[in-house]
Amino acid sequence: MDKLPYEDAAMRGAPLPEGLDLTDAAVYVALRGLYAFHQLGMMDRKEAAAEKQRLKKLRDDTRRQQQFERDIAQKRWEVIKATEAARSRFRLDPTIEHGFDLCAAIDGMKRRREETA
């Protein structure tokens, strides 16, 4: 795994850098403590290295989860936007024809996704 941009500062025990999001701030504080434990002899190098790898993996997993959630929100917004008129017509006048129009709008979203895939 690559070195984190704030890893050297954590090793020196520097204060929390400005501008880190919650995930990076938590990892920074954990790394700072990890380096302090190692320097005080409370943890050997092998244990510290293994824990550091777990922290980095946890950070990467959290980043992937956050990106997944942003992607899902974006897709939901696209469906709502693309089907907005058909949904409104169906809610105002819930006829079979308007239901079919709504289905066609949703199907159109599926086709556009298939074309871009």
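The values are calculated or read from the model by the stated rules, or taken from the named source; none is laboratory data. Note that this is a predicted model, so its numbers are computed, not measured. All Cβ positions, even for glycine, are placed from backbone atoms using ideal geometry, and neighbour counts span all protein chains on display.
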Pairs, first more than 12 Å from LEU4 (Cβ to Cβ) in region 22-50, second among the acidic types (Asp, Glu) and part of a loop (DSSP other than H, G, I, E, B), C-beta under 9 Å, six or more apart: HIS38/ASP44
Single condition VAL79 does not satisfy, out of (1) part of a helix (DSSP H, G or I); (2) surrounded by fewer than 13 Cβ atoms within 10 Å (Cβ to Cβ): (2)
Contacts under 8 angstrom Cβ, first residue in region 80-101 being of a type in the set (S, T, N, Q), partner modelled with pLDDT under 90 and in a helix (DSSP H, G or I), 6 or more apart: THR83/ALA105; THR83/ILE106; THR83/MET109
In region 39-71, the residues that are in a helix (DSSP H, G or I) and of a type in the set (Gly, Ala, Ser): ALA48, ALA49, ALA50
Whichever residue in region 64-87 is under 11 Å from ILE106 (Cα atoms) and modelled with pLDDT under 90 and, among such residues, is farthest from the chain's Cα centre (by Cα): THR83
One residue from LEU4, LEU31, LEU58, LEU22 being among the aliphatic types (A, V, I, L, M), more than 30 Å from ALA104 (Cβ to Cβ) and surrounded by fewer than 10 Cβ atoms within 10 Å (Cβ to Cβ): LEU22
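Every residue, every condition in (1) modelled with pLDDT of 95 or more; (2) farther than 22 Å from ARG63 by Cα; (3) not aliphatic (A, V, I, L, M), yes or no:
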site: ALA10; (1), (2), (3): yes, no, no
site: ALA14; (1), (2), (3): yes, yes, no
site: GLU18; (1), (2), (3): yes, no, yes
site: LYS46; (1), (2), (3): yes, yes, yes
